[in-house]
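Here the structure comes first, spelled out in structure tokens, and everything after it is commentary.
The values are calculated or read from the model by the stated rules, or taken from the named source; none is laboratory data. Model, not experiment: these values are computed from the prediction. Cβ: placed from backbone, ideal geometry, glycine included. Neighbour counts: every protein chain shown.
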Amino acid sequence: MSAQDHTLAHGHDGHDGHGHDDSHIHISLGGYVTGFVLSVILTTIPFWLVMGKVFEKSSTTAILLLALGAVQIVVHMIYFLHMNAKSEGGWNMLALMFTLVLVVITLSGTLWVMFHLNSNMMPGMER
């Protein structure tokens, strides 16, 4: 029995069995540098928006901060956590979607409760 017949007889197809496939993201040092530069930019812009009081309305600044924060989360997930829709057979994406649903429910529920507590508990202190 040859070595190739031996490996095929034991259920191996000649691969080294280390789990390498094309669905994993292989990022080089340049990828990490790109992620780092994007992270620095996405941190500097919100800092400048707040400290420079660029917008008159604070709600506009808050919306931009949330949007830039969401972009930064995606940058970290792609460049540092190496997540994509194909990694781990799609389970990473499913876990991410579940986490996002829970975060949205938690944050919207918290804001809803705080708004109603403010309007119902302190009627004499309206602005």
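Annotations
- Unmet requirement for Val54, which otherwise passes all of (1) surrounded by 13 or more Cβ atoms within 10 Å (Cβ to Cβ); (2) in contact with a Ser or Thr (Cβ under 8 Å, 6 or more places away or on another chain); (3) outside any helix (DSSP H, G or I): (1)
- Phe80 surrounded by 13 or more Cβ atoms within 10 Å (Cβ to Cβ) and either in contact with a Phe, Trp or Tyr (Cβ under 8 Å, 6 or more places away or on another chain) or at pLDDT 85 or above (or both): yes
- Taking (1) within 20 Å of Thr34 (Cβ to Cβ); (2) in contact with a Pro (Cβ under 9 Å, 6 or more places away or on another chain); (3) surrounded by 14 or more Cβ atoms within 10 Å (Cβ to Cβ) in turn, Leu64 satisfies each apart from (1).
- Taking (1) under 17 Å from His82 (Cα atoms); (2) modelled with pLDDT under 85; (3) surrounded by fewer than 11 Cβ atoms within 10 Å (Cβ to Cβ) in turn, His18 satisfies each apart from (1).
- Residue list for segment 57-104, restricted to those being out of contact with any Ser or Thr (no Cβ under 7 Å at 6 or more places or on another chain), β-branched (Val, Ile, Thr) and touching a residue at least 24 places away in the same chain (Cβ under 8 Å): Val71, Ile78
- Qualifying residue in segment 39-49 (condition: closer than 30 Å to Gly89 by Cβ, outside any loop (DSSP other than H, G, I, E, B), modelled with pLDDT of 90 or more and not aromatic (Phe, Trp, Tyr)): yes
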